[in-house]
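Undergrad: I'd like to ask some things about the structure below.
The values are calculated or read from the model by the stated rules, or taken from the named source; none is laboratory data. Model, not experiment: these values are computed from the prediction. FYI the Cβ positions are ideal-geometry reconstructions off the backbone, even for glycines, and counts take in every protein chain you see. We work out accessible area using only protein heavy atoms, side chains counted, and drop any ligands, DNA or RNA first. Shrake-Rupley method; radii C 1.70, N 1.55, O 1.52, S 1.80 Å.
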Amino acid sequence: MNVDNLLKQLTTKEKIGQLLQLAPFYFDIDLKAEVAGRIRSLNIDREGIFMSGSVLGISNASEMIKVQQKYLDINKHKIPLMFMADIIHGYETIFPVPIALASSFNPLIAFQTARISAIEASTAGIHVTFSPMADLSRDPRWGRVVESFGEDPYLAGVFSAQMVKGYQNDGIEKIGNLAACVKHFAAYGASEAGRDYNTVDVSKTALYNMYLKSYKTAIDAGAKMMMTAFNVLDGVPATINKFLLRTVLRDQWKSDAVTISDYDSLKQVLDHGCAENEKDAAYRAIQAGLDIEMASVCYVNYLEELIDEGIVDIKKLDEAVLRVLQLKKDLGLFEDSFKGASIDREKELVRSKEHLKISKKVALESAVLLKNEQTLPLNKKQKIALIGPYAKSKSTNGPWSWHGKIEHNLSLEEVFNNNDINLTFVSDAENIDQLSQQNITQIEASEVVVLALGEDARLSGEAHSRSDIKLPNHQDTLVKLARSLNKEIVVILFNGRPLDLSNIMDSNAILETWFLGSRATEAIFDLIYGHANPSGKLPMSFPRTVGQIPVYYNHLNTGRPLTDNNQNYEYLSRFLDVENTPLFSFGHGLSYASFKYSDLEISQIEFDVDTTLRLSINVTNESQIPGHEVVQLYIRDHVAKISRPVKELKKFKKIWLEGKQTQTVVFELDIHDLSYFDSNGNETYDSGKFTIMVGSNSQETLNIDIWLKGVKHDYQK
Ligand code: NOJ
């Protein structure tokens, strides 16, 4: 198929149709009846529907086949529809939510889950997934942190890239692979106060050095599409933001990814106060470089008029349409319009034993042991009271798991019973008021109180921001009760965001499990009974109080930093009522093993821009318990033209250590690991001191200072 020739055969209206994305129900119209209901309210005719280019959200192979067949029967040029959907952390086999996946610090896992998601979703005839979400997230009030890889641009970049590679694998033309659509371009995670869809106002240096990095890494990994964000950037809605869509994406990053608006976000440009009407919105969008319009119809209704009036050059439309047709071609849809959709493959592959086994393996690596006073692992002889909203619940899939069915999951109670745990009391009470005096007597008969606490899956995700991020419904009263009864307390958390845990710190152990997916509770059981060793690390800081937010590890130093030596001085950047540090910092996560770091060595103390530095460190498992450890390398650039963060993750390696084993871990660093971007997006660096820090988390590291030579500072020129 020659897409240039195809383009030439299309009328302007047919071209514009390729830029429209609609939900499947639009195609379900009676061809003879009046256009009515939702279709009518969209103000688009029947002909327009059968000229549209792509479909949002499809449930299974038979639905896809039906829609595609009907469309091809009517569409004059037989240009197949492209099917897109939100396959975020699994199709029917559900994997840990992205924030949990990032906690694994194991990029291979991201690749593997994306692979399986693609294999399963492609059986439904889905061609593009709206994943990964590369938005850097620093505010846990924002419900969408659950879909993110956390607060660090490097970690989020590595995970986003692995997801892209996992989906697209050895080529999007092959059955079983999907094209990846990175989202939401850009800086959606910086919405003020964490309130979803809210204003974003970040500097260009913060953009280039923090917010843009993970999208860029995903684009460099070959992502075929990019979705715009709902927010404004520098006052201009991302959907019509020329700086983002042309300067950054096309000119600086040299990407030809197809761009798509978010749901209705082009029409929302009017609510932003940046277009007079839908015609104006269509004009600004095509000029800015938006290709596909999702769910609204500014292009369909006004682009032709704008071209006829000579206001928009048809070349701009052709460019966008060509990109869409090329993607259809790259996906192999002109050869096989029903590509992938197969009821037989669906039966064979979806939720296969092998996929579920991997889901459990991933879950085991994604939980984070936040606190442990040697209470965990438990032993099977102990008498357990299991209480809390997640004691009997199967709702471990989390947000964005619409194909996954929670009935397939097991509750903690079921898993405990399947393993013959001596349960003296089981209750899904959320707080002390829901327990009777008799219940309290039953709890007294236990040795350990296991509290399965958390947020309902509907408390995080899109449009689910919270201003209070403590455990809801007074769940902390269960900890207080167990403490007053002098029990050992193990808290298992199910939630989609970092929480303010300050009022449950009386617990002896806290295991953060986020939403671990289809095999969550079996994995949790293995972790708390020591059949597996926790190895997750936090991809996002947990605040001591909501008043500290945003609190993240890679902050700037300020001119008046608080240090270990100046605590008594008054005029410092700090709060009067709370420490500056978070309760649990980025990179934190405990193990049942204990790891010692020693012998940090570097190949050169002084280096120049062409040097590749080689670092080595010994990591020893001082315990007998084998386990994974995540060796983390941070840098600090002490002197630069712009203030640089006090710490930045640059490398990490997840290693396996047998009991008493020592391993030498080696890292290489070059100038790109030490450089930064100026406000025009140019990579730059300056002579002077850098500190390299290596350790088990962002706070406990062994350090070494090195010096970059040979780059002149302004005052030396
Ligand atoms: C809105 C969400 O912001 C986006 O992430 C998602 O991909 C689209 N809806 C499509 O469902």
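Undergrad: Only residues that are open to solvent by 60 Å² or more (accessible area, probe 1.4 Å), part of a strand (DSSP E or B) and within 12 Å of Leu708 (Cβ to Cβ): list them for the stretch 657-696, please.
TA: Lys689
Undergrad: Hey, another quick one. Taking the stretch 430-454 only, how many residues are closer than 19 Å to Leu378 by Cβ and in a helix (DSSP H, G or I)? Lay out the reasoning, then the answer.
TA: First, pick out the residues of the stretch 430-454 that are closer than 19 Å to Leu378 by Cβ: 442-453.
Those left that are additionally in a helix (DSSP H, G or I): 442-444.
Count: 3.
Undergrad: Quick one: Pro498 ticks every box in (1) more than 21 Å from Asp428 (Cα to Cα); (2) touching a Leu at 6+ places or on another chain (Cβ under 9 Å); (3) open to solvent by 10 Å² or more (accessible area, probe 1.4 Å) bar one, so which box is it?
TA: All conditions pass for Pro498, except number (3).
Undergrad: Quick check on this structure: which one of Phe95, Phe27 is at pLDDT below 95, on the phi < 0 side of the Ramachandran plot and more than 16 Å from the ligand (Cβ to nearest atom)?
TA: On the way: Phe95 fails: at pLDDT below 95.
Answer to the check: Phe27.
Undergrad: Could you grab the pairs with beta carbons closer than 6 Å, sequence gap of 6+ or different chains, first residue in the stretch 242-269 and at positive phi, second one within 13 Å of the ligand (Cβ to nearest atom)?
TA: Asp264/Ala295; Asp264/Ser296
Undergrad: For the stretch 153-160, indicate whether the set of residues that are β-branched (Val, Ile, Thr) and touching a residue at least 60 places away in the same chain (Cβ under 8 Å) is non-empty. It would help to see each step written out before you state the result.
TA: Filtering the stretch 153-160 for residues β-branched (Val, Ile, Thr) gives 158.
Keeping just the survivors that are touching a residue at least 60 places away in the same chain (Cβ under 8 Å) gives none.
Within the stretch 153-160, none of the residues are β-branched (Val, Ile, Thr) and touching a residue at least 60 places away in the same chain (Cβ under 8 Å).
Undergrad: What do you reckon, is Ile432 away from the ligand (no atom under 16 Å from the Cβ), surrounded by fewer than 22 Cβ atoms within 10 Å (Cβ to Cβ), aliphatic (A, V, I, L, M) and closer than 30 Å to Glu346 by Cβ? Break it down stepwise before answering.
TA: Numbers: away from the ligand (no atom under 16 Å from the Cβ): yes; surrounded by fewer than 22 Cβ atoms within 10 Å (Cβ to Cβ): yes; aliphatic (A, V, I, L, M): yes; closer than 30 Å to Glu346 by Cβ: no.
Considered against the rule, which asks whether it is away from the ligand (no atom under 16 Å from the Cβ), surrounded by fewer than 22 Cβ atoms within 10 Å (Cβ to Cβ), aliphatic (A, V, I, L, M) and closer than 30 Å to Glu346 by Cβ, Ile432 comes out as no.
Rundown of residues vs (1) in contact with a helix residue (DSSP H, G or I) (Cβ under 7 Å, 6 or more places away or on another chain); (2) open to solvent by 10 Å² or more (accessible area, probe 1.4 Å); (3) on the phi < 0 side of the Ramachandran plot, yes/no style:
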{"position": "Gly157", "(1), (2), (3)": "yes, no, yes"}
{"position": "Gln162", "(1), (2), (3)": "yes, yes, yes"}
{"position": "Lys165", "(1), (2), (3)": "yes, yes, yes"}
{"position": "Gln168", "(1), (2), (3)": "no, yes, yes"}
{"position": "Lys174", "(1), (2), (3)": "no, yes, yes"}
{"position": "Ala179", "(1), (2), (3)": "yes, no, yes"}
{"position": "Lys183", "(1), (2), (3)": "no, no, yes"}
{"position": "Ala190", "(1), (2), (3)": "yes, yes, yes"}
{"position": "Gly194", "(1), (2), (3)": "no, no, no"}
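Undergrad: Moving on. Looking at Ser427 and the list (1) more than 16 Å from the ligand (Cβ to nearest atom); (2) within 30 Å of Trp142 (Cα to Cα); (3) among the hydroxyl-bearing types (Ser, Thr, Tyr); (4) out of contact with any Ser or Thr (no Cβ under 9 Å at 6 or more places or on another chain), which single condition is not satisfied?
TA: (2)
Undergrad: When Arg46 is evaluated against the numbered criteria (1) at pLDDT below 90; (2) touching a Gly at 6+ places or on another chain (Cβ under 9 Å), which criterion, by number, is the only one it fails?
TA: For Arg46, the exception is condition (2).
Undergrad: Sort through Gly310, Gly340 and tell me the only one that's under 30 Å from Glu14 (Cβ atoms) and open to solvent by less than 50 Å² (accessible area, probe 1.4 Å). Walk me through it before giving the result.
TA: Working: Gly310 fails: open to solvent by less than 50 Å² (accessible area, probe 1.4 Å).
None of the other options fit; the residue is Gly340.
Undergrad: Give the residue that is most open to solvent (accessible area, probe 1.4 Å), with candidates limited to residues of the stretch 213-232 that are within 16 Å of the ligand (Cβ to nearest atom) and more than 24 Å from Met82 (Cβ to Cβ). So that I can check it myself, show each step before the final result.
TA: Keep residues of the stretch 213-232 that are within 16 Å of the ligand (Cβ to nearest atom), which gives 214-215, 218, 223-232.
Remaining after also requiring more than 24 Å from Met82 (Cβ to Cβ): 214, 231-232.
On the way: Ser214: 0, Asn231: 1, Val232: 19 Å².
Among those that are within 16 Å of the ligand (Cβ to nearest atom) and more than 24 Å from Met82 (Cβ to Cβ), it is Val232.
Undergrad: Also, I was wondering about something else. How many of the residues in the stretch 181-212 are within 12 Å of the ligand (Cβ to nearest atom), part of a loop (DSSP other than H, G, I, E, B) and charged (D, E, K, R)?
TA: Within the stretch 181-212, residues that are within 12 Å of the ligand (Cβ to nearest atom), part of a loop (DSSP other than H, G, I, E, B) and charged (D, E, K, R) number 1.
Undergrad: Looking only at the stretch 292-306, filter to residues that are away from the ligand (no atom under 16 Å from the Cβ) and in contact with a Phe, Trp or Tyr (Cβ under 8 Å, 6 or more places away or on another chain); which one of those is most open to solvent (accessible area, probe 1.4 Å)?
TA: Looking at residues that are away from the ligand (no atom under 16 Å from the Cβ) and in contact with a Phe, Trp or Tyr (Cβ under 8 Å, 6 or more places away or on another chain), I get Tyr302.
Conditions tested, residue by residue: (1) touching a residue at least 60 places away in the same chain (Cβ under 8 Å); (2) within 29 Å of Phe334 (Cβ to Cβ).
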site	(1), (2)
Val128	yes, yes
Gly166	no, yes
Glu173	yes, yes
Ala186	yes, no
Ala190	no, no
Val202	no, no
Met226	no, yes
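Undergrad: Looking only at the stretch 56-92, filter to residues that are within 15 Å of the ligand (Cβ to nearest atom) and without any contact (Cβ under 8 Å) to a residue 60 or more places away in the chain; which one of those is farthest from the chain's Cα centre (by Cα)?
TA: This residue is Phe83.
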